[in-house]
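The values are calculated or read from the model by the stated rules, or taken from the named source; none is laboratory data. Here the structure is a predicted model, which is why all the values come from computation and not from measurement. No Cβ is skipped: glycine too gets one built from the backbone with ideal geometry, and neighbour counts run over all protein chains shown. SASA here: full protein model, heavy atoms, side chains in, ligands and nucleic acids out. Shrake-Rupley method; radii C 1.70, N 1.55, O 1.52, S 1.80 Å.
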Amino acid sequence: MKLVIAIIKPFKLDDVREALSEVGVQGITVTEVKGFGRQKGHTELYRGAEYVVDFLPKVKLEVAIEASLLDRVIEAISKAARTGKIGDGKIFITDLEQVVRIRTGETGKGAL
């Protein structure tokens, strides 16, 4: 089992959700976050004054999947989230040792 964590631009969330549904992902967790990578934020103009926005709004997706789905999930997220501009985001993959469904007590792949 794998945990896929993706940081993407907020306006790409619907596209990514649809792409994940098409490859068989049954559930995702979404968190609104702020951060920066190589783009180091940007400057904006507000009431004639220029100011620096250090932390840009992003969306963090967490998807627990069977290992057999990993390549399709990575490809779906990459294609749906890509704009070709700086700040498109990143995908992180970690191993999941155990999953427990609280309601039924199921464990492992059955709990996904």
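Apply the a/c threshold of 1.5 to the C-alpha gyration tensor of the stretch 53-99 and tell me whether it is rounded, prolate or oblate.
On the way: a/c = 3.42, a/b = 1.65, b/c = 2.07.
Here the stretch 53-99 falls in the oblate category.
Two decimals is fine: what's Rg over Rh for the chain, C-alpha atoms, Kirkwood radius as Rh?
1.08
Skip the ligands, DNA and RNA, and give the accessible area per residue of the chain with a 1.4 Å probe, whole Å².
Spelled out: the 1.4 Å probe surface of the chain, per residue, equals 68 Å².
Taking the Cα centre of the chain as origin and charging only Cβ (+1 Lys, Arg; -1 Asp, Glu), how large is the dipole, in debye to the nearest 20?
220
Provide the FRET efficiency to the nearest 0.05 for the Arg47-Lys79 pair, computing r from the beta carbons and using R0 = 41 Å.
0.55
Could you state the angle between the C-alpha long axis of helix 13-22 and the longest principal axis of the C-alpha atoms of the chain, as a value from 0 to 90 degrees rounded to the nearest 10?
Orientation of helix 13-22: about 20 degrees from the principal axis.
Short version: ³J(HN,Hα) in whole Hz for each residue of the stretch 97-112, in order, from phi by Karplus 6.51 cos²θ - 1.76 cosθ + 1.60 (θ = phi - 60°), x for Gly and Pro, what are they?
Result, ordered by residue: 6, 8, 10, 10, 7, 5, 4, 9, x, 4, 10, x, 4, x, 7, 6 Hz.
Calculated from DSSP H runs of 4 or more alone, at -39500 (n - 2.57) each and per residue, what is the 222 nm mean residue ellipticity of the chain, nearest 500?
Taken over the chain, the calculation gives -6000 deg cm²/dmol.
Can you tally the net charge around Thr107? Count Lys and Arg as +1, Asp and Glu as -1, for every other residue whose Cβ sits under 13 Å from the Cβ of Thr107. Spell out each step's value before the answer.
Values: positive: Arg101, Arg103, Lys109; negative: Glu97, Glu106.
Once all neighbours under 13 Å are counted, the net charge is +1.
Could you give the angle, 0 to 90 degrees to the nearest 10, between helix 70-81's Cα long axis and the longest principal axis of the Cα atoms of the chain?
30
Set the Förster radius R0 to 22 Å, insert the Cβ-Cβ distance between Val23 and Phe92 as r into 1/(1 + (r/R0)^6), and round the FRET efficiency to 0.05.
Rounded to the nearest 0.05, the efficiency is 0.75.
Positive end of the charge dipole of the chain (Lys, Arg +1 and Asp, Glu -1 on Cβ, about the Cα centre): tell me which of Val53, Val100, Thr29 has its Cα farthest that way.
Of Val53, Val100, Thr29, it is Val53.
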